[in-house]
Structure formats: structure tokens, C-alpha cells
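Peer 1: Before I ask anything, here is the structure I am working with.
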Amino acid sequence: MKIAVLPGDGIGPEIIAQAMRVLEVLRSEGLNMEFEEAPLGGAGYDAYGAPYPEFTQKICRAADAVLLGAVGGPQYDTLDRPLRPERGLLGIRKDLGLFANLRPAVLFPELANASTLKPEVVAGLDIMIVRELTGDIYFGQPRGMRVNDKGEREALNTMIYTESEVRRIAHVAFGIAMKRQKKLCSVDKANVLETTEFWKEIVIDVAKEYPQVQLTHMYVDNAAMQLIRNPKQFDVIVTGNIFGDILSDEASMLTGSIGMLASASLNETKKGLYEPAHGSAPDIAGKNLANPLATILSAAMMLRYTFNNEAAAARIEGAVKKVLAAGYRTGDIFEAGMKKVSCSEMGDQVVASM
Ligand code: NAD
């Protein structure tokens, strides 16, 4: 298994170091993994003058999976747009054809007080949102601002999906549901938008290939309400780019702890980019304060979704659960009565619990 490791900027190197220690445990026991490190984002700019330098492109293209820390920092905010760290992220997503974004919203029961919702509503929450990432109104043509023939300014975007785009994301979502509770909710606005009526029709067709999965449909406005009212009703949610953008952020906030949330973006061959959902946290960078668990859980997702190694993934997740149950907390998830640890001490605990 060839893994490109991109620590990136800010807290990126600190959290990646802890995830690497956890993967090293598995490697020392015989799991065949090869790691190659490369710079992305501001680190790419510093080393090679580009946020996604050719050096990094070569390594990422040759790898089976990419493990990323985070990119960005105030020192890069004044660069020309094409040189900014965030462009490195867009560049790698496009280059690797990552069309399926997997955003789990998991709330370990031990952290139920971190949420703004009542603990009984969110404790044990485990939702996977599958968002289509390369189509929809964000990319549809025509788009732009113009003056119409009555002389008034107007702006437009085009919501569009091709059948193949919907089919491939539906297959990813059904495949994930098969590995979980076998419940899939497709979110649309089929009562108003033809694009999503079409989406729904194709999802229903793909469902014939997955008879064990229970498929339901929900309008996006209702889904936004249900995520707050009764989020535990969901197992896997699949939706288009714009609805997924909004719902996945909403779902991630149900947990109240951004330092815990992993994510993955996959292409057609299950090659994936795995990264924490948070950014580079410049305010705490270099202080050994960051929570490395989102990155460690991203490494677990990598083992599950690209390498099909459920046992190894579950082992990492089990180790994280044990560490939380034993009361270890980084500052972002700390509560009175718990044991406060640094980033590297959290890594020590997960490694020990492995
Ligand atoms: P952020 O996620 O970096 O930080 C938001 C807040 O959460 C900060 O107070 C930070 O200290 C805290 N935080 C984040 N991750 C944490 C962790 N693992 N442990 C403890 N606390 C954590 O978002 P931001 O401040 O809006 O952005 C900072 C930089 O990150 C910007 O340059 C932005 O462009 C970039 N960014 C990168 C990504 C990415 O790499 N995928 C995503 C979002 C933002």
C-alpha cells in the first residue's frame, strides 16, 4: 500500500506525526505500507514556489492513498490567489478526480457534552454524509453576471447533473451503506428542481443492485430540520454538491468538536485523499496543543475505504474510544474532571491502547 503523506501547514505536521505513529504500530506488525512525504499548501510554496508542486503531484499520482494534515496560514494570505495554500487543495482534488466526499459525523458518547444539542439527542451519533464533489451548481455552465436585454444586471448559475455522475456517486453511497447499517437516505428537492428529480430517479434505479439496503428519500429542507430534531435516525446520507456542502457542515457541528472529525474524498478507483475536517489552526500551531484524533480517524478511514481493511480501521477506532473512555482530552474537548493531554501525549495514549 503506497501512501503519500502531506503534513501541510500550521498544526498539520504535529497531527500527521501522531497518525503516523499509529500506522507504524500496524506496519511493525506486518501490514505492508510504504510512506512518501511531500509538501502541499504553504509548505509547497515555501519549498517549490507552488501550492501543489510537481514533486508532490508525482508522489500523489503514484500513491494508492493520500493522508493530509491541513493547509493555510496568515503568512500566505497576501500571496496571489493561484499561489495560495487553498489552491493546493483544489489542485490535488481535481488532479486525482476526487468526486465523492465522505464526511462522517460521529459523536463518541464520552463527548456528548461538547454538542450544543441535548446529550440524549446526539450521544452515540454516527452518520456518514456522502457528498458529490465535482458537479452540480458549483460547476455548471453557463454561469456569471451580465446585463440583460432590459438593461438590468443579473447573475446566474446552472444546476446540472449527468446520469453517469449520479450513478457513480450513488454506487459509492450504496457501497458504504453496505459496510454500515444498510440504510441510505437520498436528499433532494425533487418537488421543485428537475435536476434533483432526475437524481432521485437514478438513485432508485441504482438501488436495484443493492436489495439489502433500505433506501429512503428526503427533501433537503426537511433533512436540515431532521438533522437537528432526530439526527440518530440517519445512517448514510447521499446528496449533491450544494446540499452536501451545507448539510455536512450542519452535521459536523452536531458533534461540537471539530478536532474529532475525519473526512475522505474518493475517485473512481477508490483512491482517496484522507484529511481531518478542520483547518491548520494557526492560533495553536507549533504548541503541541492540537487534537490529533481527527487525523488518526482519517487514517482509519483510509484503511477501510481505500485498502478494504475493516479490521485495522476498527482497531484504530477502538483505540480512540478507549482513550476517550479513560478520560484523556486535548484542550479543545476538555471538561472538568478529565485528564488534559498534549497532542503528542494523545498520540502516546492511542498507540498504547492499540
Ligand atoms: P481551523 O479549523 O483551522 O480553526 C478553527 C478553530 O478550531 C481554531 O480556534 C483552531 O484552534 C481550532 N481547531 C481546529 N483544529 C483543531 C484541532 N485539531 N485541535 C484543536 N483545535 C482545533 O479554521 P480557520 O481558523 O478558519 O482556518 C485556519 C486556516 O486553515 C486558514 O488558512 C484556512 O484557509 C485553512 N483551512 C484549511 C482547511 C484544509 O486544509 N482542509 C480547511 C479549513 C481551513
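Peer 1: Within the stretch 235-247, is even one residue more than 24 Å from residue 116 (Cβ to Cβ), modelled with pLDDT under 95, more than 16 Å from the ligand (Cβ to nearest atom) and not in a helix (DSSP H, G or I)?
Peer 2: No, there is no match, as no residue in the stretch 235-247 is more than 24 Å from residue 116 (Cβ to Cβ), modelled with pLDDT under 95, more than 16 Å from the ligand (Cβ to nearest atom) and not in a helix (DSSP H, G or I).
Peer 1: Let me ask something additional. Considering (1) more than 30 Å from residue 164 (Cα to Cα); (2) open to solvent by 10 Å² or more (accessible area, probe 1.4 Å), say which one residue 62 fails and leave the rest.
Peer 2: For residue 62, the exception is condition (1).
Peer 1: Please report, ordered by residue number, the strands (runs of 3 or more DSSP E) entirely within the stretch 27-133 with at least 3 residues that are farther than 30 Å from residue 228 by Cβ and away from the ligand (no atom under 15 Å from the Cβ).
Peer 2: Answer list for the stretch 27-133: 34-37.
Peer 1: Of all residues in the stretch 328-352, count the ones that are in contact (Cβ under 8 Å) with a residue 24 or more places away in the chain and open to solvent by less than 30 Å² (accessible area, probe 1.4 Å).
Peer 2: The qualifying residues number 7.
Peer 1: Checking residue 291 against (1) in contact (Cβ under 8 Å) with a residue 24 or more places away in the chain; (2) assigned to a helix (DSSP H, G or I); (3) under 19 Å from the mean Cα position of the chain (by Cα), only one condition comes out false. Which one?
Peer 2: Looking at each condition in turn, residue 291 falls short on (2).
Peer 1: Would it be correct to say that residue 260 is more than 16 Å from the ligand (Cβ to nearest atom), of a type in the set (A, V, I, L, M, F, W, C) and under 29 Å from residue 118 (Cβ atoms)?
Peer 2: No, not satisfied.
Peer 1: Another question about this same structure. Among the listed residues 114, 155, identify the single one that is of a type in the set (A, V, I, L, M, F, W, C) and surrounded by 15 or more Cβ atoms within 10 Å (Cβ to Cβ).
Peer 2: Within the list 114, 155, the selection yields 114.
Peer 1: Name the one entry in 270, 208 that is more than 17 Å from the chain's Cα centre (by Cα), more than 16 Å from the ligand (Cβ to nearest atom) and not small (Gly, Ala, Ser).
Peer 2: 208
Peer 1: Which residue is modelled with the lowest pLDDT, if the candidates are limited to the stretch 84-99 and must be within 16 Å of residue 280 (Cβ to Cβ) and hydrophobic (A, V, I, L, M, F, W, C)? Walk me through how you get there before you give the answer.
Peer 2: Taking the stretch 84-99 and keeping what is within 16 Å of residue 280 (Cβ to Cβ), we get 84-90, 92.
Narrowing the set further to residues that are hydrophobic (A, V, I, L, M, F, W, C) leaves 89-90, 92.
On the way: 89: 91, 90: 86, 92: 95.
Top of the filtered list is 90.
The values are calculated or read from the model by the stated rules, or taken from the named source; none is laboratory data. Keep in mind it's a predicted model, so treat the numbers as computed, not measured. Counting neighbours? That spans all protein chains shown, and the Cβs are built from the backbone with ideal geometry, glycine included. Side chains are part of the model used for accessible areas, which takes the heavy atoms of the whole protein and leaves out ligands, DNA and RNA. Shrake-Rupley method; radii C 1.70, N 1.55, O 1.52, S 1.80 Å.
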